[in-house]
Amino acid sequence: MKTLTMAVAATLVSLAASVPAGAQHPEAVNAPKFGIAVVDISYIFKEHKQFIATMEGMKAEMEGIQGKLKSKRDSIAKMEEARNRLDPGSPDYKKLDNELATAKSNFNLEMDRLRKDLMERESKVYFSTYQKVSYAIANYAKQRNIGLVLRFNGDKPDPNKRPDILKDINKPVVYENNIDITRDILAIINNGSAASTARPPAGQPVR
């Protein structure tokens, strides 16, 4: 974790220097005026280039691991078929049965280890990414005298899905008047590049 924290800290320093002086996108122009802003963290994660690349790399790695595990699983299945063709009371049956039990145990242990390792690495990626996003938001707000940044979700609800409707009804932010700093933060996180996906116009009831 010490190495992870040092790496995050180094990235945060570079992010601090990359914060532009003025608002980059029109949906955020009123944030300094009102001293309050909203940001869609989920959207930033979806469009965060480094986060996406890291997760895709982990996905490809996991697919390779699954291929190796499939080969071992197939070998165990063949071993089990061979055992079942033997007389249950024979020495060969007992020998192969013991080997099969050991193989299954080792396979399950390896699967558990790989699953835990993947979960730990994934958690660290989410943690370090959120640290960078939070730091970028804090610096952005300080430079623009924004005293409060609220988290909101800009996804449009599906009127045919009850959970989406209830989620939309219970959302804390009902309206925002050009104080959505999401794309500005995303541009900072993505090393000054513009957001790859345009967001709907602001100054309206939250999508």
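Laboratory data are not the source of any read-out in this text; all were calculated from the coordinates shown. If you're wondering where the values come from, they're calculated on a predicted model, not measured in any experiment. Using ideal geometry, Cβ is built from the backbone for each residue, glycine included, and neighbour counts are taken over all protein chains shown.
Tabulated data
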quantity	calculated
Global form of region 40-91, assessed from the alpha-carbon gyration tensor, a/c cut-off 1.5	prolate
For region 178-191, 3J(HN,Hα) per residue [Karplus equation, 6.51 cos²θ - 1.76 cosθ + 1.60, θ = phi - 60°, Hz, x = Gly/Pro]	6, 10, 8, 9, 4, 5, 4, 5, 5, 5, 5, 4, 8, 6
Amide H contacts under 5 Å for VAL149, placed H, 5+ residues apart	ALA37
Above-threshold pairs, the threshold being 30 Å between Cα atoms, out of LYS49/LYS171; LYS46/LYS167; LYS94/LYS116; LYS59/LYS104; LYS49/LYS116	LYS94/LYS116
Peptide ranges 141-152, 64-75, 40-51 listed from the most packed, as the mean C-beta count within 10 angstrom indicates	40-51, 141-152, 64-75
Principal axis dimensions, largest first and in whole angstrom, of region 23-189 by Cα	85, 36, 20
